[in-house]
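A quick write-up on the structure given underneath.
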Amino acid sequence: MGTGDAPLLSMRGIGKSFAGSVALDGASLAIGAGEVQGLIGQNGAGKSTLIKILTGVYVRDSGSVEFEARPLSVASPREAQAAGISTIYQELTLVPLRSVTENVTLGYEPRTRLGTIDWRAAHARTREILTGFGIEVDVRAPLGESSTAIQQLVAIARAVSLEARLVIMDEPTSSLDEREVSLLFSVVRRLKASGTSVLYVSHFLDELFAICDRVTVMRDGATVADHAIRECSKSSLIAEMLGRDVGEIESAGMTELGGATVETGDLVFEATGVATSRRLGHLDLAVRGGEIVGLGGLLGSGRTEAARAVFGADPLSSGTLVFAGRDRPPRTPAEAIAAGIGFLTEDRKAEGIVPHMSVRENLTLALLPALTKAGRIRRADERELVERFIASLGIKTSGMDQPIRELSGGNQQKVLLARWLAIHPKLLILDEPTRGVDVGAKFEIQAIIREHVERGVGVLLISSEFEELVEGADHIVVMQDGVSVGRMSNPGITEERLVAAIAHSGAVDAVEPVRGTA
Amino acid sequence: MSAVVPGAADGRRSRGGLAWRSRLARHGTLIALVALLLVNVLFTPNFLHLQTLFVNISQVATIAIVAVGMTLVIATGGIDLSVGAVMALAGALAPPIFGSDFAVAHPALGLVAAIGLPLLVAMACGAFNGVMISVLRVQPIIATLILFISGRGIAQVLTNGNLQTFSNPAFSYLGTGRVFGLPFQGWLALGIAAAAFWVVTRTIHGRHLLAVGGNERAAELSGVPVRRVKIGVYMVCAFLSGIAGLVVVAINSASDAARNGQLMELDAIAAAVVGGALLQGGRAPVFGALLGAVIIQLVKYTLLANGIEDEVALIAKAAIIVAAVALQQGRRE
């Protein structure tokens, strides 16, 4: 605790096991008053278990927790909240159909003398907090009409109105665009200025450097480091999370996507002037076998919409889409799959996994028509194929019949990747393939992608992580407002040039016209 | 430390409680069945007679047949309120067909038509439900409410609201025949459940069904023909309801459009839920539905045989559903 005062929160020697398997052993966490503390670690390092112990969801097996210099013992999230600890969850726990005010004051509404709700005071209080954050919204309007970012800030406003001393933010930016992220950061700074502490959990290391004072690193259920953020570098943090050597990380590059393009194959597909009714105005794009074409752009610039159009998930309103060896483009995902296109979606939970189904059933979902004879699934073949993918992709599962929801994020993502590799794709569309997975799994997934590119698969890569695009892509097509504005080619792409191209339509010098296809 | 100890003890106790609850949840249906049988053996007069078995089998068969269809619909995250009305409609169509001059002249063809045409009409009802739900995107509970209300109305209009009695031994075999000494419709229900189980666990159609119920968007993006699956499942459910409707008519040798299949939607949903179906979809425990149907039937029979009124039986049925849902909550943890 840089301040030298007694910390606001001090968790020491925390241990917790579930049914015999150790989740935490020797975990600790200290947060100073008015500090923003980052918390990082791979999936399975024990971050969420530690937070759940702090917020009363789980009971610890050993260790001590002190909050405001007194032993803390809470048995439920509500008790934690009463003690001054509020949590902003990844999945928001608000009521979208009720007004902003109602969401902020729910359960703690100001009362009039008659015992009815004092709406005037409630609205005024809500407006005051949100204005303090620099946000102007109609507090009487249903919350659901606001963007995700505003909803997240309303959740924070609720924490503030409950006079939280510590606000826990678990991956708060995973669904925000950059403008919204900077709004969130300004709110975090205001919280800090008013003396509220923040525990900030994120996979995005860049964010930690932007917002945190200190950072705690966890690995295998234990706390391995606690630094002031200014003493750290990105590669030193990655090294600590993985338990590797810093030099090893730095020499290997930041991703596993890079590699010399051997020889690009034939054209897989070419889109010319493609538009859909879904915020895609004009897309010019071509992918060849054995190359990675990146789609660069901000959130909402039309990257996912471009992917959906190519995959036949959205009907084209104009333009032409030509696939090698087909006389017309696929009009449904089923046709796209039959044509050898795979689409790893961005939102693993909503559009990827079928949670009730097993690893095996999830893995073969897209391949199923090819695995059946007269409607009957050839089960021996299915099991053999799944066995092969589990081994070759290193999927950690207790068996192919384990429900996929029980796997970690990184392993779920590998299963979904295998779902598409199994169809022997000619074109793989990967929308944020490494989002929300831990660093180890990320490298493995990147290596798998690279391996298949070298075997001649064409890849269309969407990623918000610039390193992936800069190191991995042979070409990057830059999107702005639903329009592909230009194309850059490697070698020669740097993060600076990419950022410039994405941010300014004026920076065309970094960009060659799209139709100059190699 | 003293603050820690009681909390830790609590943790242990609740873990023990969870294990007990999950064990109960997994075998709750079977335990309930055994308990019901025991109560009957002890208190219901003549329960261990063959006649009692026959009565129960012939009555449970229709519930079971419809419950299998309902389970498949629920597995897609849907619900079908129109099953009872479709039973009435199919049942009302059969007697006029085999009573027609054509059927009198050609008994065999007439019998085929008397069974086939009502089932085709039933499937058309299912197609209507499926299209409303998958193409027009009406919520299943509203979409199937349309036929729930109008289906029985159409059946009554067709029969002028009269009870139609008939005598046709070949057709009545559906409801009164015996195979290996047991009622024909019991075998029919078993066969249907076995076929449904095979489709669900062994074929691409079953996998697609569960994928649509488990995560519709993911299924669609993995190439599952979501619309076709949904229309298909409502057609299958209506087809099975149609069979049940014909069985009821055959049992009674009479078609009563006002009563055939009345409240069947509730029995079928209850049987499916008791059998372990999740209302949000993604699971299709077909044999569970069979077990659920047996439990619903046994409760009805127990109360009836012990002289308890029908109204009370309804309350008991509700209690079973509540218990099943409570167990499901336990299972999720």
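Summary table
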item	result
Kirkwood Rh in Å, taken over the range B:165-270 so that all alpha-carbon pairs contribute	16.0
Cα-based equivalent ellipsoid of the range A:1-144: semi-axis lengths in Å, sorted from largest, via gyration tensor	35, 18, 16
Two-decimal Rg/Rh across the range A:9-251, once Rg and the Kirkwood Rh are taken from alpha-carbon atoms	1.00
Inter-label distance for A:PHE204 and A:ALA124, nm, one decimal - labels placed 7 Å from Cα along Cα-to-Cβ	3.8
A:LEU298 paired with A:GLU384, simple spin-label distance in nm, labels 7 Å along Cα-to-beta-carbon	5.3
Computed E for A:ARG70/B:PHE180 - FRET, C-beta separation, R0 51 angstrom, nearest 0.05	0.10
Chain lengthening between B:ALA194 and B:ILE142 when straightened (0.36 nm per residue, less Cα-Cα)	15.7 nm
Quarter of the Cα convex hull surface for the range A:79-219, i.e. its orientation-mean projected area (nm²)	9.1
Anchor A:LYS52: lysines whose Cα lies under 20 Å away (excluding residues fewer than 8 positions away in-chain)	A:LYS16
FRET efficiency, 1/(1 + (r/R0)^6) with R0 30 Å, evaluated for A:SER277 and B:ALA124 via beta carbons	0.35
Kirkwood Rh (inverse of mean 1/r, distinct Cα pairs), the protein assembly as shown, angstrom	30.7
Projected area, mean over directions - the range B:47-332, Cα convex hull, nm²	15.7
Trypsin sites (Lys or Arg not before Pro) within the range A:388-432, DSSP loop, no more than 13 other Cβ atoms inside 10 Å	A:LYS396
Efficiency of FRET from Cβ geometry, A:SER147 and A:GLU467, R₀ 30 Å, rounded to 0.05	0.65
Zone residues, the range A:431-463, relative to A:GLU495, backbone N less than 15 Å from point 7 Å out along Cα-to-Cβ	none
Pair A:ALA338, B:ALA326: separation of 7 Å Cα→Cβ label points (nm)	5.2
Residues listed by number, the range B:145-179, amide nitrogen under 11 Å from B:VAL104 label point at 7 Å toward C-beta	none
Rg to Rh, two decimals, where the range A:293-413 supplies the alpha carbon set and Rh follows Kirkwood	1.01
Order of A:CYS212, B:CYS125 under a 10 Å beta carbon neighbour criterion, fewest first	A:CYS212, B:CYS125
MRE, 222 nm, helices only [DSSP H, n ≥ 4, -39500 (n - 2.57), over chain B, to nearest 500]	-26500 deg cm²/dmol
The range A:267-510 - Rg over Rh from alpha carbon coordinates, Kirkwood radius	0.97
Lysines whose Cα lies under 17 Å from that of B:LYS300, excluding same-chain neighbours fewer than 8 positions away	B:LYS317
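Every number in this text was worked out from the coordinates using simple rules, so none of it is lab data. Because the structure is a prediction, the values reported are computed rather than measured. We place every Cβ from the backbone using ideal geometry, glycine too, and count neighbours over all the protein chains shown.
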